[in-house]
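One structure is given here, and the rest of the page talks about it.
The values are calculated or read from the model by the stated rules, or taken from the named source; none is laboratory data. This one's a predicted model, so the numbers in the text were calculated from it and none came from an experiment. Here the Cβ positions follow ideal geometry from the backbone for every residue, glycine too, while neighbour counts run over all protein chains shown. What goes into the accessible areas is simple: the full protein's heavy atoms, side chains included, and nothing from ligands, DNA or RNA. Shrake-Rupley method; radii C 1.70, N 1.55, O 1.52, S 1.80 Å.
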Amino acid sequence: LYWCETNDQIVFGSELKVLFAHPDVPRKFNAEGVYHQLMQTIVPGTTAFDGIHQIKPGHALIIERKHGKFAIRDLRYWDMDFPTQKERSKNDRDDEQYYIDGVKKHLLDAVQLRLEADVPVACYLSGGIDSCSALGMAAASQQSPVKAFTIGFDDSDYDETPIATEMAESVGADQDVMLLQANHLYDNFEETLWHTERTIYNTLGVAKLLMSRHVNNANYKVVVTGEGSDELFGGYPAFRRDMFLHGMDTLSAAERAEWEGLLAEANKLFKGAMLAEDEISDPALDELVGFTPSCLQPWLATAEHVPELLHPELRKQVADYQPGKAIADALDGDMLEGRHPLDKAQYVWIKTMLEGQILTWGGDRVDMANSMEARPPFLDHHLAEFATSIPPGMRIKGKTEKYVLREAMKGVLPKVLYEREKFAFMAPPAHTDPEKWSAMKVLADRHLSDEAIDRAGLLDKENVRKLFELHEAEDTPVATQVKLDAVINHLLGVQILHKFFIENDVPALAEQRAAELGWLA
């Protein structure tokens, strides 16, 4: 929910384009907002536009008129409240079965609640244990076969179709696989940005937009999804890295060497995207959290490229800006004080990446763009509250992430899934395929030309050109290319957002888009 105070009135809506349709709402980027759009991680509660605010998850906005003026304040009504380590030492139970049974019960309740509808309910199904667990619970809760929709990619490193199919067959689901070619994704990049209203680092958002349209065309309006599991049970590679570095002080030298080798091999595909190439330390985050969470490090590394990519006028405005400090200042230190390092890492991700990606461009917005209601049982607050009570060593046990969920789903998941390491669901980056790179370059020729950059006044055309040269240099490491792929997507994103929301007449453009999609027929 977005809001803006202008000319003695409050304008609010669930989409930015609604606000921009109002004649009194300014349509202007601010320098810090563009900075964060280019580095992926936004400051919680902010947008890229002057005077427009976002209500933070778990908050209500209280607006009162006092003596002819608005008094506006935030009210937090819920948060992911992990126990302190002192509280854990008193209250944590030793028996694993208690937590395993608790996860199974709460997840089953959450899935069954989300199956209640007056229309058929399907499932999104990838090769991860999250969506597979949701499908398994759904299949156990109803007599008829569950419809399962899977996205397939034409890159074996990123395609999870074979494992998803094994899961579907094991529970008798009716699987529908939508195979996407590399160049399909950039063909639909602009439309995706119209709905996300913020930049995206990976074309996963485009894939999900296409999937929600495919599901809608198959006459399904509601799907159960797997989002939120990694947030609850420590599933991302960044969490395992922080657990190893900051939560396992008792490891021997041999055990530490074994862990380092394991992480290096397991995290190879994520380097530059979900993990930084090199260790990044931010003073403000170090002070607040005790360390710089690994989930923020790749974006803080990306931030090093940002000032030079900004138009000189914007660059001047952020000359002394510290993005890590801005993020740290928006976090509640009381929710981090005295917590286990894994709790801290998960909390920071939840307040930044969960808000700015999964609850927006990677989930709800691209589903609702096609009137698809996505219901994520893992984000049920009863399950989330129970998950905070699970000891860190049961979320990541030894080398196994999401241990307690795996054990809870042991009888539901096929063996290959039960034993599989976490694989983040991502679309192949642009550099991985010549056709995809060519499709991206078509967009770049349109939106990152000298003329387009000059017209928007947001970027530095010379340094944008140098960034492409660095990406295409023969000696540029793959991990650097992955990072630059994300930066290029963001560069395209801010230019496309400028075209949609600042350069054009928003109401007229909205009507045009609706006509193109047949919504006005």
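So in segment 346-374, with the set limited to residues that are among the β-branched types (Val, Ile, Thr) and out of contact with any Asp or Glu (no Cβ under 6 Å at 6 or more places or on another chain), which one is nearest to Lys221 (Cα to Cα)? Of everything passing the filter in segment 346-374, Val366 is nearest to Lys221 (Cα to Cα). Filtered by the rule that a residue be aliphatic (A, V, I, L, M) and farther than 28 Å from Glu64 by Cβ, segment 7-41 gives Ala31, Val34, Leu38, Met39. Among the residues of segment 375-406, those that are open to solvent by 30 Å² or more (accessible area, probe 1.4 Å) and of a type in the set (Lys, Arg) comprise Arg375, Lys397, Lys399. Close contacts from segment 444-471, counting a first residue that is under 17 Å from Ala31 (Cβ atoms) and a second that is of a type in the set (Asp, Glu) and open to solvent by less than 70 Å² (accessible area, probe 1.4 Å), with Cβ to Cβ under 9 Å and a gap of 6+ residues or different chains, come to Ile453/Asp460.
The C-beta contact set for segment 376-401 (first residue under 12 Å from Asp343 (Cβ atoms) and touching a residue at least 60 places away in the same chain (Cβ under 8 Å), second residue open to solvent by 40 Å² or more (accessible area, probe 1.4 Å) and outside any helix (DSSP H, G or I), distance under 8 angstrom, 6+ apart or interchain) comprises Thr388/Asp81; Ser389/Asp92; Pro391/Asp92.
Would you list the helices (runs of 4 or more DSSP H) that sit entirely within segment 407-457 and hold 1 or more residues that are modelled with pLDDT of 85 or more and either out of contact with any strand residue (DSSP E or B) (no Cβ under 8 Å at 6 or more places or on another chain) or surrounded by fewer than 19 Cβ atoms within 10 Å (Cβ to Cβ) (or both)?
Values: elements: 415-418, 434-447, 450-456.
Filter on segment 407-457 gives 434-447, 450-456.
Step by step: first the residues of segment 167-183, then only those that are over 23 Å from Ser141 (Cβ atoms) and in contact with a Lys or Arg (Cβ under 7 Å, 6 or more places away or on another chain), then the one that is surrounded by the fewest Cβ atoms within 10 Å (Cβ to Cβ). Which residue is that? Among them, the one singled out is Asn183.
Per this entry, Val482 is counted among residues that are modelled with pLDDT under 85 and either in contact with a Cys (Cβ under 8 Å, 6 or more places away or on another chain) or not in a loop (DSSP other than H, G, I, E, B) (or both). Could you check, for segment 305-328, whether at least one of its residues is open to solvent by 70 Å² or more (accessible area, probe 1.4 Å), of a type outside the set (Gly, Ala, Ser), modelled with pLDDT under 90 and not in a helix (DSSP H, G or I)? No, segment 305-328 contains no residue that is open to solvent by 70 Å² or more (accessible area, probe 1.4 Å), of a type outside the set (Gly, Ala, Ser), modelled with pLDDT under 90 and not in a helix (DSSP H, G or I).
Take the conditions free of Cβ contacts under 8 Å to residues at least 60 places away in the same chain and within 30 Å of His53 (Cβ to Cβ) and apply them to Tyr77. Does it pass? Yes.
Would you pick out the residues in segment 323-338 that are touching a residue at least 12 places away in the same chain (Cβ under 8 Å), of a type outside the set (A, V, I, L, M, F, W, C) and out of contact with any Pro (no Cβ under 8 Å at 6 or more places or on another chain)?
Start the filter on segment 323-338 by keeping residues that are touching a residue at least 12 places away in the same chain (Cβ under 8 Å), which leaves 323-333, 335-338.
So of that shortlist, the ones also of a type outside the set (A, V, I, L, M, F, W, C) come out as 323-325, 329, 332-333, 337-338.
Passing the criteria: Pro323, Asp329, Asp332, Gly333, Glu337, Gly338.
Within segment 336-362, the set of residues being under 17 Å from Thr292 (Cβ atoms) and of a type in the set (A, V, I, L, M) comprises Leu336, Leu342, Ala345, Val348, Ile350, Met353.
Could you look through segment 282-298, keep only residues that are open to solvent by less than 10 Å² (accessible area, probe 1.4 Å) and of a type in the set (A, V, I, L, M), and pick out the one that is nearest to Asp329 (Cα to Cα)?
Step one: of segment 282-298, the residues open to solvent by less than 10 Å² (accessible area, probe 1.4 Å) are 285, 289, 292-298.
Keeping just the survivors that are of a type in the set (A, V, I, L, M) gives 285, 289, 296.
Values: Leu285: 9, Val289: 11, Leu296: 14 Å.
Result: Leu285.
Apart from one condition, Leu251 fits all of (1) among the aliphatic types (A, V, I, L, M); (2) at pLDDT below 95; (3) assigned to a helix (DSSP H, G or I); the exception is (3).
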